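The values are calculated or read from the model by the stated rules, or taken from the named source; none is laboratory data. Computed from a prediction, not measured in an experiment: that's the story for all the values here. As a convention, Cβ positions derive from the backbone with ideal geometry for all residues, glycine included, and neighbour counts pool all protein chains shown. For the accessible areas, the whole protein counts, side chains as well, though only heavy atoms, and no ligand, DNA or RNA atoms are used. Shrake-Rupley method; radii C 1.70, N 1.55, O 1.52, S 1.80 Å.
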Amino acid sequence: MKLPICNFDAKNAVLCPQCENKVETGVLTKADVNASIKLAQLAKSNNEIDSFTLYSCKEIEGNFVLSLAKNDIMIIRQSRTLYRLLQGQFSGKIWLVEADENDKKFIEDLFFPTKILSINSVWAPGGVQKTKAVVSGKWTPRFPIDTQKVIQIVKNARNLDIEIEFEDKRA
């Protein structure tokens with residue numbers, strides 16, 4: 001398992017001076033530390049989680065954005081049991097994104113399993129970038145993704161203003 005903090009620290013839920021210094025200097029966040037400890041605890045009883053690579057964790061208004069390796073995300077998405085196990089460790093909703101991805105892929109990951117038809121970005125006067133995501137289907141109260149949370153996460157994590165539009169191909 002690869003984590004932002006030392007494996008020893010994660011397994012024992014105590015930070016060594018080196019990791020503590022990273023938190024104090026802002027290299028790591030408290031969310032990185034907490035997510036690392038939670039994954040290490042789960043890995044004790046789950047071999048799949050023991051092979052994961054967590055790059056970072058961001059807490060955005062009660063939501064946890066976990067940056068993981070691509071293969072790890074695939075494993076989690078193929079197992080509802082594993083997803084529920086992870087979700088149960090966090091006080092808010094978890095969002096799975098690939099580490100070191102571009103803005104388009106980041107937005108697509110947040111909308112999983114919903115299909116994104118297009119993502120377009122334009123530069124507005126004043127150097128402001130506007131992004132528009134066109135989502136397949138139509139919005140209903142039972143839509144699987146909270147679009148307002150996605151807007152907050154994209155704004156806080158990537159500093160992008162995003163607008164979401166629904167397009168129903170069946171109409």
Search segment 64-90 for residues that are in contact (Cβ under 8 Å) with a residue 40 or more places away in the chain and pair each with any residue that is outside any loop (DSSP other than H, G, I, E, B) and small (Gly, Ala, Ser) when their beta-carbon atoms are under 8 Å apart and the residues are at least 6 apart or on different chains. VAL65/ALA157; PHE90/ALA35
Name the residues in segment 4-45 that are over 21 Å from the mean Cα position of the chain (by Cα), open to solvent by less than 90 Å² (accessible area, probe 1.4 Å) and either of a type in the set (D, E, K, R) or within 20 Å of ILE94 (Cα to Cα) (or both), would you? ASP9, GLU20, LYS22
Residue by residue through segment 123-151, note down the ones that are assigned to a helix (DSSP H, G or I) and in contact with a helix residue (DSSP H, G or I) (Cβ under 6 Å, 6 or more places away or on another chain). VAL150
So, first residue within 11 Å of GLU167 (Cβ to Cβ) and open to solvent by 30 Å² or more (accessible area, probe 1.4 Å) in segment 124-138, second residue assigned to a loop (DSSP other than H, G, I, E, B) and of a type in the set (Gly, Ala, Ser), Cβ within less than 9 Å, six or more apart or across chains; the pairs are LYS138/ALA171
Tell me, yes or no, whether segment 63-82 has at least one residue that is open to solvent by 60 Å² or more (accessible area, probe 1.4 Å), part of a loop (DSSP other than H, G, I, E, B) and farther than 29 Å from ASN159 by Cβ. yes
Determine if segment 80-95 includes at least one residue that is of a type in the set (A, V, I, L, M) and over 26 Å from ASN34 (Cβ atoms). no
Read through the list (1) in contact (Cβ under 8 Å) with a residue 60 or more places away in the chain; (2) open to solvent by less than 50 Å² (accessible area, probe 1.4 Å), then give the number of the only condition that GLN152 fails. (2)
Looking only at segment 83-100, count how many residues are open to solvent by 20 Å² or more (accessible area, probe 1.4 Å) and in a loop (DSSP other than H, G, I, E, B). 6
